[in-house]
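Only one structure is covered here, and it is reproduced in the block below.
The numbers here are math on the coordinates, done by the rules we state, and not lab data. The shown structure was predicted, so the numbers you read here are calculated from the model rather than taken from an experiment. Here the Cβ positions follow ideal geometry from the backbone for every residue, glycine too, while neighbour counts run over all protein chains shown.
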Amino acid sequence: MPEDRSAAPEDRNGNTNTDTDVVIAGAGPTGLVLALDLARRGVRALLLERADGLFPGSRGKGLQPRSQEVLDDLGVLPGVLAAGSAYPRMLAWEGTERRGEWDMIERSEPTERVPYANTLLIPQSRTQELLYERLTALGGGVRFGTALTGLRQDDGGVEAELGTGETVRAAFLVGADGGRSTVRRALGIGMTGETVDPRPMLVADVRIAPGAVADRDHWHVWRAPDGGVALCPLPGDGGLFQLAATFEDPAAPVDTTPEGVRALLAARTPLSPDEIAEVPWASDYRARAALADRFREGRVFLAGDAAHVHSPAGGQGLNTGVQDAYNLGWKLAQVLRHGAPAALLDSYEAERRPVAADVLGLSTRLHRATADGDAPQRGGEVQQLGLGYRGSALAVDTRPRTPGDALRAGDRAPDGPYAGGRLFDLFRGPHFTLLAVGTAALPDALPEPVRAARLPADEAYGTGLFLIRPDGYVGWAGDRADAGLDAYLTALGLTRAAAPRAVPEGMPA
Ligand SMILES: Cc1cc2nc3c(=O)[nH]c(=O)nc-3n(C[C@H](O)[C@H](O)[C@H](O)COP(=O)(O)OP(=O)(O)OC[C@H]3O[C@@H](n4cnc5c(N)ncnc54)[C@H](O)[C@@H]3O)c2cc1C
């Protein structure tokens, strides 16, 4: 239920009579990550989901290394790693004859800097369940069976209209409501893009009887004149595979009923219909690539598929949405809880829209190359570890000289050894971290949400002071704190604490 409005009079950002701080429409991966991040920051959020439960299908099954780092920070990764698996090798068939094996996804060894080096195979439904479990453990929740149907905004807040007839007033609203976003339409924001492939595709989860031709150690591929079939075994003991089928004829009818899926598999593979024990979920789609013309209108933001839709090639969609949410969460909290100027929120679109545009280009290229029979191996470009925010207004580097390959403001802050553990242990949580690397001196005092630590000169970091944002990117870098650190912190709503704190070598302050 919405809270008593009188409990929340006008706050320092001019938000008036709000029931909650943030309304989030859509409990897909994007909305769940945002709600979770806000919950751990003490920001009140109302997460609305039109459906009666979480999405049940395996759809976005590739979790990229950068998303694994995000989930590590959010405390979800142990469960995700336990529920996921490595991608199996592809196996091409002609009828019952094996025709060759290959790796679709390049395999890499973890390093000190990149602890999660490989795309993890985990059904989207499982990822969402684990996010939801963590959200509820933090006291948050989802209001299922409740659609957002409209919105109005004014100088003091946003009013969300719910399908139940209620209205809820919040300081901000985020549309994480998928490709057909009600929020985007209500704002009148266009999507600019193209059809990547006019031919339809079918994606489904199928339970295959043990002993059938498709073993669980390979990602099986059959080609037929009217289209291909791929069956990827999903981790877990339920015998589930994700089926992806293509159709050469753009006008081909796609039957998503269990009988239709059984008939398709029987026609294109040696599997017989009675070996398909169950089809718990199936859908059809045409690959599109489109980008919202804006990611923000006043107090309302778009994130995830609501802001960008991709071809599934290269496994980018879910991952990009997760990182939209991760970029936005701490900024909303700084504004709502720490008095940062609302202008901080401008950096969300400035940072995320160019990333989404690049990712769109990548997934379209991979889709077309795969459709042309080239099926390029997926390497580092899909892992999202190289994405960063150099050039953003929030990336401030005050060092007069840095080598060309040096870590710079805007870059992902790499992992590494730290005080018997890892830097990621130090970064984990909703705080900022100020790293003094090599001979750089820490300031005498820092505001409360900033933790400080010393690090010996380091191969990845070089030397200097590095302020690591809560989302794991270098925000500010300098040789000395008096080279602008205060001004940077103030712009984020962080002001210096009076009392100096002793910082032992190699230990967090
Ligand atoms: C075949 C296929 C394979 C894919 N593979 C990958 C992959 O390997 N890796 C990857 O990263 N991505 C992949 N994707 C893409 C991925 O599934 C999406 O990008 C991802 O689901 C987007 O998450 P989201 O939370 O932004 O939106 P969604 O998952 O679409 O969630 C939106 C939610 O909002 C709810 N909703 C809608 N309207 C309203 C409303 N008005 N009010 C309240 N709630 C509402 C919906 O019910 C839904 O639960 C794949 C997609 C397909 C189709």
Short version: ³J(HN,Hα) in whole Hz for each residue of region 34-39, in order, from phi by Karplus 6.51 cos²θ - 1.76 cosθ + 1.60 (θ = phi - 60°), x for Gly and Pro, what are they?
5, 4, 5, 5, 5, 4
Mind checking which of 164, 58, 139 is farthest towards the positive end of the chain's charge dipole, using Cβ charges of +1 (Lys, Arg) and -1 (Asp, Glu) about the Cα centre?
139
Cut-off under 5 Å, modelled amide H: who pairs with residue 277 long-range
207, 208, 209
Relative to the present Cα-Cα distance, how much length would full extension add between residue 237 and residue 444 at 0.36 nm per residue of separation?
69.0 nm
Decide, for region 22-138, between rounded, prolate and oblate: order the square roots of the alpha carbon gyration tensor eigenvalues as a ≥ b ≥ c, take rounded if a/c falls under 1.5, and otherwise choose prolate if a/b is larger than b/c, else oblate.
oblate
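Per DSSP H run of n ≥ 4, the term is -39500 (n - 2.57); total these for the chain, divide by its residue number, and report the mean residue ellipticity at 222 nm rounded to 500 deg cm²/dmol.
Value at 222 nm, helices only: -7000 deg cm²/dmol.
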Relative contact order (%) - criterion: Cα under 8 Å, at least six apart; region: the chain
15 percent
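I want the local charge near residue 70. Using Cβ-Cβ distances under 14 Å, sum +1 for each Lys or Arg and -1 for each Asp or Glu among the other residues.
0
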Pull up all non-local amide H partners of residue 452: gap of 5 or more, or a different chain, and H-to-H distance under 5 Å with H placed in the peptide plane.
434, 509
Test item: Cα-centred dipole of the chain, Lys/Arg +1 and Asp/Glu -1 on Cβ, debye:
720 debye
Taking the Cα-to-Cβ direction at residue 166 and at residue 143 and moving 7 Å from each Cα, how far apart do the two end points lie in nm?
0.4 nm
Between the modelled labels at residue 405 and residue 294 (7 Å from Cα along Cα→Cβ) the distance in nm is 4.3 nm
If you average the alpha carbon positions of region 129-180 and of region 414-464, how far apart do those two centres end up, in angstrom?
36 Å
With each label point set 7 Å from Cα along the Cα-Cβ vector, what nm distance links residue 365 and residue 155?
4.8 nm
Provide the net charge surrounding residue 330, with neighbours chosen by a C-beta distance below 9 Å and charges set as Lys +1, Arg +1, Asp -1, Glu -1.
+1
Using a Förster radius of 22 Å, what is the FRET efficiency between residue 263 and residue 226 based on their Cβ-Cβ separation? Nearest 0.05, please.
0.95
Take every Cα pair under 8 Å in region 145-212 that's 6+ residues apart, average their separations, divide by the length, and report that relative contact order as a whole percent.
20 percent
With r defined as the distance between the Cβ atoms of residue 377 and residue 133 and R0 fixed at 25 Å, what FRET efficiency is calculated, to the nearest 0.05?
0.15
Show me the ranking of peptides 220-232, 338-350 by mean Cβ neighbours inside 10 Å, starting with the highest.
220-232, 338-350
The chain: antiparallel DSSP beta bridges as a percent of all, rounded to 5:
70 percent
Any residue on another chain or 5+ positions along whose placed amide H is under 5 Å from the amide H of residue 397 is listed here as 477
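What FRET efficiency comes out for the pair residue 85/residue 460, r = Cβ-Cβ distance, R0 = 41 Å, nearest 0.05?
Details: r = 29 Å, r/R0 = 0.71.
After rounding to 0.05, the efficiency reads 0.90.
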Just order 52-64, 411-423 by mean Cβ neighbour count inside 10 Å, highest at the front, would you?
52-64, 411-423
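Contact order normalised by length for region 396-491, with contacts defined as Cα pairs under 8 Å and 6 or more residues apart; what percent is it? All intermediate terms of the calculation are to be shown ahead of the outcome.
Numbers: 170 pairs, mean separation 32.2, N = 96.
Once normalised by length, the contact order is 34 percent.
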Burial-style ranking of 186-192, 84-90, average other-beta-carbon count within 10 Å with highest first, yields 84-90, 186-192
Measuring from its Cα centre, region 396-491 shows a charge dipole (+1 at each Lys and Arg Cβ, -1 at each Asp and Glu Cβ) which, in debye to the nearest 20, is 60 debye
Taking a ≥ b ≥ c as the square roots of the Cα gyration tensor eigenvalues, with a/c under 1.5 meaning rounded and otherwise prolate when a/b beats b/c or oblate if not, region 396-491 comes out rounded
List, in order, the whole-Hz ³J(HN,Hα) value for each residue of region 104-118 obtained from phi through the Karplus relation with A = 6.51, B = -1.76, C = 1.60 and θ = phi - 60°; use x for Gly and Pro.
6, 10, 4, 9, 10, 8, x, 10, 4, 8, 10, x, 10, 9, 10
Calculated P(r) of the chain - Cα pairs past 36 Å, %
35 percent
Applying the Karplus parametrisation 6.51 cos²θ - 1.76 cosθ + 1.60 with θ = phi - 60° to the phi angles of region 216-232, what ³J(HN,Hα) value in whole Hz is obtained for each residue in order, glycine and proline being reported as x?
9, 9, 9, 9, 8, 10, 10, 10, 10, x, 8, x, x, 9, 10, 10, 10
